[in-house]
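The values are calculated or read from the model by the stated rules, or taken from the named source; none is laboratory data. Nothing here was measured: the structure is a model prediction, and the numbers come from that model. Note that each Cβ is placed from the backbone with ideal geometry, even for glycine, and that neighbours are counted across all protein chains shown. Ligands, DNA and RNA are stripped out before the accessible areas are found, and what is left, the full protein with its side chains, is counted by its heavy atoms. Shrake-Rupley method; radii C 1.70, N 1.55, O 1.52, S 1.80 Å.
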Amino acid sequence: MFQPFHLNTSFFLFSLQTFTAWCNSHLRKAGTQIENIEEDFRNGLKLMLLLEVISGERLPKPDKGKMRFHKIANVNKALEFISSKGVKLVSIGAEEIVDGNLKMTLGMIWTIILRFAIQDISVEETSAKEGLLLWCQRKTAPYRNVNVQNFHISWKDGLALCALIHRHRPDLIDYSKLRKDDPIGNLNTAFEVAEKYLDIPKMLDADDIVNTPKPDEKAIMTYVSCFYHAFAGAEQAETAANRICKVLAVNQENEKLMEEYEKLASELLEWIRRTIPWLENRVAEQTMHAMQQKLEDFRDYRRVHKPPKVQEKCQLEINFNTLQTKLRLSNRPAFMPSEGKMVSDIANAWKGLEQVEKGYEEWLLTEIRRLERLDHLAEKFKQKSTLHESWTTGKEELLSQKDYESASLMEIRALMRKHEAFESDLAAHQDRVEQIAAIAQELNELDYYDAATINAQCQGICDQWDNLGTLTQKRRESLERVEKLWETIDQLYLEFAKRAAPFNNWMDGAMEDLQDMFIVHRCWCCSSVINSFFVHTILITAHDQFKATLPEADKERMAIMGIHNEILKIAQTYGIKVVGENLYTVLSPQDISNKWEAVKQLVPMRDQTLQEEVARQQSNERLRRQFAAQANIIGPWIQTKMEEISHMSTDIAGSLEEQMSNLKTYEQNIINYKSNIDKLEGDHQLSQEGLIFDNKHTNYTMEHVRVGWEQLLTTIARTINEVENQILTRDAKGISQEQLNEFRASFNHFDRKRNGMMDPDDFRACLISMGYDLVSAFSPGEVEFARIMTLVDPNNTGVVTFQAFIDFMTRETAETDTAEQVMASFKILASDKLYITVEELRRELPPEQAEYCISRMTKYIGGDAPPGSLDYISFSSALYGESDL
């Protein structure tokens, strides 16, 4: 908005002279100037010309007449243009300017200065003033006796202006010789140097500034803004030959990095291609030993073969990121690897490898459990079959005998009772036959490798059992047919046989149970939630219950032996001569005694076996706790390190080299921790060897720790690579550590929400404070700022991140090579010709770079060039991907 002026002595001393000089600094670009500010703008022609020069835009064609209405029309066109830029003009019209109203004319000029020299670089006057003041404070901060706090008295001694010039052009002023007590000398020195070397006209008078208690703030701001525009975009160029050498060296290094990436990617993909079929092989071995060897081979792959490939994959990603950073910094096209060798292709291949790897390990462990179960069932089948076959030996021949045809009465009765005892025994063995058949069926379901042999043996047992049942039934029918002929039988023998047979069968069952094999750590016949200690408790309880029945069994044994003693007593008493064996049973008292002694000997052996299993389960529990103790430390440690690395990547202080040193030390500490991972791997291997597949004491598995460890190594390597890229950016662009710190300080100053991001308004003010000129030679401030926002916020998120800010500032503050600059450099070496000769290249460039150019430049096509001339224009375009090299 137009701000009115009060015409007083101070205003004339500063504003009139300053505004006239400011207008002439722009009008002389169009080859003209003004002498009297209140007279020379009256016809509106130079006023329109001034607006065209400072805005870079074309105004409507002026009226050529000299009448008053022609002048008013021209001034109105200028005022309408000013209003179109968002400036509200109050109490000013074309008539006042045409009539030479000095107050209104100066107010209009100040409005133009605000809009196009100061305000155009910010949102509003206060923001622009703050940004310009902060820029002056930062640039003059290192200088003694300079303390810029405002735009009036802070500039009276002239040291602030001299400091601004010395900061950017130390060759123009010897600041050490300036004295604070010589303000007029300091001011005149600054005015003369600025006019002679910086093309900034003298707008102020030293005597007026010194003798005025408070110099005019608007005049000072106008003059200081000229220094801002003069220095904001200044760049120092290197010589043509150095520029070309730098460009060629970068190109050669990038080509080498591309070849190394292609080679490393091909080798890694080939290794993955060879490894996956091996891991996909699910052909199970028939023996536990062979499957254990497969598991050992897989562990060897995990410990020896895979870790170097993990490092190669990480290094490949680092090389790719470094190469892309170098290409971007050198303004080259992004590197596109060969088909199928992108980082994403390698990541997908690696993901496929790990999926197959995980499935292979699960398959191995499942197969080992299956084979263990099969071995146990096969051994159990063998024991039960052996006992059964031992019991059935001779039974078919016995049942097929026809001894009852020639037997006496007593013998017939004995044969009948003996057959009854056999039937009891046969019924008792029915359960064992069913168990044998069930085990054989389970072996078939679990795909036992020798199932054919098991099936054949089981079929033989079942056929024999059916035959025994048929023979038993036939013999009973025969004995019953003759039983009516016999009336007496020796009851004692019969009672002995009846009680001895079940007792003998009980002892057989007891011996079988006492010798039965068991697997405490996996109970296949129980629910999976029953842990090993619970199963063990059941077995011990059952054994204790069995031992509790021994006194009753001993009483039964004594009763059976009492029957035999009663027989002997009766025989002795009545003079009966006992000849031969008991006809009702094949069991003798000696058989009962011997088997009873065998049962008593097996009881302590069973106790010892159970205690050994207790010790094994306790050992397994120690292994679980030992693994869990380490895993519960290592897992959180890895997570903590991941978080610390994340904090270090965002809150790093000090120089980049110090940051790199700290990260390297941090990386070495992480590498030194590898011994703890190896120890945990050892405990994990012991657990697997002990067939321990669950651990309630920790949520961390070895797979979790391996993945976390690999991610930790990759993250610290990537963080180091990011700092290396920052160093590469700093060195490639010639940016000092002070500049990087200044970028960070400026970003933090305008990051008002302290969330690591700036709003567009804050970003605009930040650019101003950093000395960036938002008004270019080709576009006004708003257009230029919109262009910058498309660079720092390409996704239109409405915020500017610190990384986007650093990338932009490094491009703007450091030298960036372009194809046009390289062409201009070659043109210098070629003495302004459109071609260059081999001799000129070898004379101006080092041998290696000269031969590089000669081997790649095409011949120049043109009639005015000598033979052998080379085309440096197409070569420069090819360097930046604008054509084929």
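Here are GLU581, GLU566: which of them is acidic (Asp, Glu), modelled with pLDDT under 85 and under 13 Å from ALA497 (Cα atoms)? Quick ask: steps written out before the conclusion?
Values: GLU566 fails: under 13 Å from ALA497 (Cα atoms).
Matching residue, one of GLU581, GLU566: GLU581.
What residue, among those in segment 342-359 that are over 16 Å from CYS314 (Cβ atoms) and open to solvent by less than 50 Å² (accessible area, probe 1.4 Å), is farthest from the chain's Cα centre (by Cα)?
Among residues in segment 342-359 that are over 16 Å from CYS314 (Cβ atoms) and open to solvent by less than 50 Å² (accessible area, probe 1.4 Å), the one farthest from the chain's Cα centre (by Cα) is GLY359.
Please indicate, with yes or no, whether at least one residue in segment 457-469 is hydrophobic (A, V, I, L, M, F, W, C), more than 28 Å from ASP516 (Cα to Cα) and either modelled with pLDDT of 85 or more or out of contact with any Leu (no Cβ under 6 Å at 6 or more places or on another chain) (or both).
Here is the first cut: in segment 457-469, the residues hydrophobic (A, V, I, L, M, F, W, C) are 458, 461-462, 465, 468.
Retained after the next criterion (residues that are more than 28 Å from ASP516 (Cα to Cα)): none.
Taking every residue of segment 457-469 in turn, none turns out to be hydrophobic (A, V, I, L, M, F, W, C), more than 28 Å from ASP516 (Cα to Cα) and either modelled with pLDDT of 85 or more or out of contact with any Leu (no Cβ under 6 Å at 6 or more places or on another chain) (or both).
From the list ALA414, ALA427, ALA440, pick out the single residue that is more than 60 Å from the chain's Cα centre (by Cα), open to solvent by less than 50 Å² (accessible area, probe 1.4 Å) and either in the same structural domain as ALA501 (by the TED database) or within 17 Å of ALA500 (Cβ to Cβ) (or both). Steps first, answer last, please.
Numbers: ALA427 fails: open to solvent by less than 50 Å² (accessible area, probe 1.4 Å); ALA440 fails: more than 60 Å from the chain's Cα centre (by Cα).
None of the other options fit; the residue is ALA414.
If I ask for residues that are of a type in the set (A, V, I, L, M), more than 58 Å from the chain's Cα centre (by Cα) and open to solvent by less than 20 Å² (accessible area, probe 1.4 Å), which ones from segment 172-215 would you list?
If the condition is that a residue be of a type in the set (A, V, I, L, M), more than 58 Å from the chain's Cα centre (by Cα) and open to solvent by less than 20 Å² (accessible area, probe 1.4 Å), then LEU187, MET203, LEU204, ALA206, ILE209 are the ones that fit.
Could you list, in sequence order, the residues of segment 797-832 that are outside any helix (DSSP H, G or I), open to solvent by less than 50 Å² (accessible area, probe 1.4 Å) and at pLDDT 85 or above? First the steps, then the outcome.
Keep residues of segment 797-832 that are outside any helix (DSSP H, G or I), which gives 797-801, 814-818, 830-832.
From the residues that got through so far, the ones that are open to solvent by less than 50 Å² (accessible area, probe 1.4 Å) too are 798-800, 814-818, 830.
Listed by number, the residues that qualify are GLY798, VAL799, VAL800, ALA830.
Checking GLU362 against (1) touching a Ser or Thr at 6+ places or on another chain (Cβ under 6 Å); (2) surrounded by fewer than 16 Cβ atoms within 10 Å (Cβ to Cβ), which single condition isn't satisfied?
So the condition that GLU362 fails would be (1).
Yes or no: GLU312 over 29 Å from ARG373 (Cα atoms), more than 23 Å from the chain's Cα centre (by Cα) and in a helix (DSSP H, G or I)? Spell out how you get there, then give the answer.
Numbers: over 29 Å from ARG373 (Cα atoms): yes; more than 23 Å from the chain's Cα centre (by Cα): no; in a helix (DSSP H, G or I): yes.
No; evaluated as a whole, the condition is false for this residue.
Of (1) open to solvent by 50 Å² or more (accessible area, probe 1.4 Å); (2) in a helix (DSSP H, G or I); (3) in contact (Cβ under 8 Å) with a residue 12 or more places away in the chain, GLU317 satisfies all except one. Which?
(1)
Among the residues that make up segment 150-158, is at least one of them at pLDDT below 80 and either open to solvent by 30 Å² or more (accessible area, probe 1.4 Å) or not in a helix (DSSP H, G or I) (or both)? Break it down stepwise before answering.
Residues of segment 150-158 at pLDDT below 80: none.
Checked against the condition, which is being at pLDDT below 80 and either open to solvent by 30 Å² or more (accessible area, probe 1.4 Å) or not in a helix (DSSP H, G or I) (or both), segment 150-158 yields no hits at all.
Starting from residues that are buried (at least 19 other Cβ atoms within 10 Å of the Cβ) and either modelled with pLDDT under 85 or not assigned by the TED database to the domain that holds PHE227 (or both), keep the ones in segment 130-146 and report whichever is nearest to LYS180 (Cα to Cα). Give the derivation first.
Residues of segment 130-146 buried (at least 19 other Cβ atoms within 10 Å of the Cβ): 131-136, 139-140, 146.
Adding the requirement that they be either modelled with pLDDT under 85 or not assigned by the TED database to the domain that holds PHE227 (or both) leaves 131-132.
On the way: GLY131: 26, LEU132: 24 Å.
Ranking the qualifying residues of segment 130-146, first place goes to LEU132.
Of everything in segment 23-59, what is part of a loop (DSSP other than H, G, I, E, B) and among the acidic types (Asp, Glu)? Give them in sequence order.
Of segment 23-59, the ones part of a loop (DSSP other than H, G, I, E, B) are 31-36, 41-44, 56-59.
Matches in segment 23-59: GLU35, GLU57.
From the list LYS600, LYS641, pick out the single residue that is in the same structural domain as LEU686 (by the TED database), in a helix (DSSP H, G or I) and in contact with a Leu (Cβ under 9 Å, 6 or more places away or on another chain). First the steps, then the outcome.
Working: LYS600 fails: in the same structural domain as LEU686 (by the TED database).
Exactly one residue qualifies, and that residue is LYS641.
Residues are listed down the side, and each one gets a yes or a no for (1) in contact with a Phe, Trp or Tyr (Cβ under 6 Å, 6 or more places away or on another chain); (2) outside any loop (DSSP other than H, G, I, E, B):
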position	(1), (2)
PRO170	no, no
ILE173	no, no
LYS180	no, no
THR189	no, yes
ALA194	no, yes
MET203	yes, no
ASP208	no, yes
ILE220	yes, yes
TYR223	no, yes
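Going residue by residue through segment 627-644, is there one that turns out to be open to solvent by 20 Å² or more (accessible area, probe 1.4 Å), of a type in the set (Ser, Thr, Tyr) and farther than 24 Å from PHE320 by Cα? Break it down into steps so the answer makes sense when it comes.
Of all residues in segment 627-644, those open to solvent by 20 Å² or more (accessible area, probe 1.4 Å) come to 629-630, 632-633, 636-637, 639-644.
Still in the running and of a type in the set (Ser, Thr, Tyr): 640.
When the remaining residues are screened for being farther than 24 Å from PHE320 by Cα, the result is 640.
For segment 627-644, residues open to solvent by 20 Å² or more (accessible area, probe 1.4 Å), of a type in the set (Ser, Thr, Tyr) and farther than 24 Å from PHE320 by Cα: present.
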